[in-house]
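The values are calculated or read from the model by the stated rules, or taken from the named source; none is laboratory data. What you are looking at is a predicted structure, and each value in this text was computed from that prediction instead of being measured. All Cβ positions, glycine included, derive from the backbone under ideal geometry; neighbour counts span all protein chains shown.
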Amino acid sequence: MASKKLNIGGKVIGHDEPPFFIAEIGINHNGVIDIAKKLIDLAVTAGCDAVKFQKRTIDVVYTPEELAKPRESVFGDTNGHLKRGLEFGKKEYDEIDRYCKDKGILWFASPWDEAGVDFLEQYNPPCYKIASACNADKELLQYIKSKNRPIIVSFGMSDDELMGKVVNFLGEENLVIMHCNSSYPAKEHELDLHNIPRLREKYPHSFIGYSGHETGLYSSLAAACLGACVVERHVTLDRAMWGSDHAASIEGVGLMKLVRDLKSIPVWKGQPLTRITEAEKPIAQKLRRKHTI
């Protein structure tokens with residue numbers, strides 16, 4: 001496998017590098033900037049490479065009928081109240097931008113519409129992430145592509161035919177293809193992690209990653225061992241908090257363990273050979289009394 005590299009905000013991504021870890025905050029801030037900051041702090045403490053948010057223009061992404069549907073939340077009694085309550089605007093993103101720069105961590109977002117791209121451009125993002133729900137939106141893909149930034153795209157709710165069309169449209173250069181299952185939380189038997197090495201062979205000019213929505217940690221380690229050079233997981237302060245994504249997220253202790261172990265994977269992999277290490281030589285001398293073979 002070629003040792004191709006991709007630079008995202010000064011971070012080097014490659015299949016022989018430690019996995020680039022994205023802490024997906026998404027809407028787990030529950031519309032509160034102080035919670036967003038605590039999640040950024042958590043990501044920094046754990047050693048994550050980046051945090052990610054979502055950006056929607058509510059009246060573009062959702063129909064009036066969808067927004068009018070009854071839905072109880074702390075923001076009101078309709079789906080529209082909830083969606084607008086969870087959506088950060090310029091004031092909040094100005095603070096996120098300032099805070100992440102202060103803390104020395106990259107941030108970017110998944111825009112769900114062209115206006116969201118325009119909004120994010122003012123912050124000079126290191127890349128764009130295309131959510132699984134948006135990966136068939138040709139106009140949005142074209143608009144993001146026109147910004148000439150690295151693109152990370154998730155392929156939950158997708159098959160080989162759709163993936164092939166998207167990759168062909170975006171081009172393999174500077175592209176990270178994220179294997180993904182979009183159930184929240186995803187079931188273990190539907191993770192299909194063996195798809196990761198297959199995708200590495202199928203798209204050798206791109207980078208293959210993994211976006212996980214399961215509840216455990218070890219599957220992300222397995223994904224990285226199978227070749228994922230980017231790993232994304234939702235993070236939360238408490239999985240019992242109200243909100244649609246918290247239950248499929250990981251908390252602080254789990255995040256710290258996962259990021260620590262992911263960074264150890266290149267060391268664990270070592271070299272593709274059978275050898276006697278220096279530490280083994282005195283043990284071999286002590287235990288091997290005869291050499292008869």
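Values computed for the structure shown
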item	result
Yes/no for Asn7 being of a type in the set (S, T, N, Q) and assigned to a loop (DSSP other than H, G, I, E, B)	no
The range 97-107: number of residues that are touching a residue at least 60 places away in the same chain (Cβ under 8 Å) and either surrounded by fewer than 18 Cβ atoms within 10 Å (Cβ to Cβ) or farther than 15 Å from Gly9 by Cβ (or both)	3
Residue within the range 62-77 that is farther than 18 Å from Asp245 by Cα, surrounded by 19 or more Cβ atoms within 10 Å (Cβ to Cβ) and modelled with pLDDT of 95 or more present	no
The range 175-191, subset over 13 Å from Ser220 (Cα atoms) and touching a residue at least 24 places away in the same chain (Cβ under 8 Å), residue surrounded by the most Cβ atoms within 10 Å (Cβ to Cβ)	Ile177
Arg260 being charged (D, E, K, R) and either without any contact (Cβ under 8 Å) to a residue 60 or more places away in the chain or touching a helix residue (DSSP H, G or I) at 6+ places or on another chain (Cβ under 7 Å) (or both)	no
Residue count, the range 108-117 (criterion: among the acidic types (Asp, Glu) and either within 18 Å of Lys38 (Cβ to Cβ) or crowded, with 19+ Cβ neighbours inside 10 Å (or both))	1
Qualifying residues in the range 29-52 (those that are part of a loop (DSSP other than H, G, I, E, B) and small (Gly, Ala, Ser)) - the one farthest from Arg260 (Cα to Cα)	Gly31
Residue in the range 41-51 that is surrounded by 15 or more Cβ atoms within 10 Å (Cβ to Cβ), under 25 Å from Ser206 (Cβ atoms), small (Gly, Ala, Ser) and modelled with pLDDT of 95 or more present	yes
Set Gly209, Gly252: member being of a type outside the set (S, T, N, Q) and more than 15 Å from the chain's Cα centre (by Cα)	Gly252
Out of Lys165, Lys129, Lys147, sole residue that is surrounded by 21 or more Cβ atoms within 10 Å (Cβ to Cβ) and basic (Lys, Arg)	Lys129
Matching residues, the range 55-66, being over 17 Å from Gly31 (Cα atoms) and either without any contact (Cβ under 8 Å) to a residue 24 or more places away in the chain or touching a strand residue (DSSP E or B) at 6+ places or on another chain (Cβ under 6 Å) (or both)	Asp59, Tyr62, Thr63, Pro64, Glu65, Glu66
Output for the range 80-133, where each listed residue is closer than 16 Å to Ala50 by Cβ, of a type in the set (Phe, Trp, Tyr) and outside any helix (DSSP H, G or I)	Trp107, Phe108, Tyr123, Tyr128
Contacts under 8 angstrom Cβ, first residue in the range 202-225 being within 15 Å of Asn181 (Cα to Cα), partner in a loop (DSSP other than H, G, I, E, B) and among the hydroxyl-bearing types (Ser, Thr, Tyr), 6 or more apart	His213/Ser182; His213/Ser183; His213/Tyr184
The lone exception for Gly31 - which of (1) closer than 30 Å to Ser206 by Cβ; (2) surrounded by fewer than 20 Cβ atoms within 10 Å (Cβ to Cβ); (3) touching a Gly at 6+ places or on another chain (Cβ under 7 Å) it fails	(1)
The range 193-226, residues that are over 24 Å from Ile25 (Cα atoms) and charged (D, E, K, R)	Arg198, Arg200, Glu201, Lys202
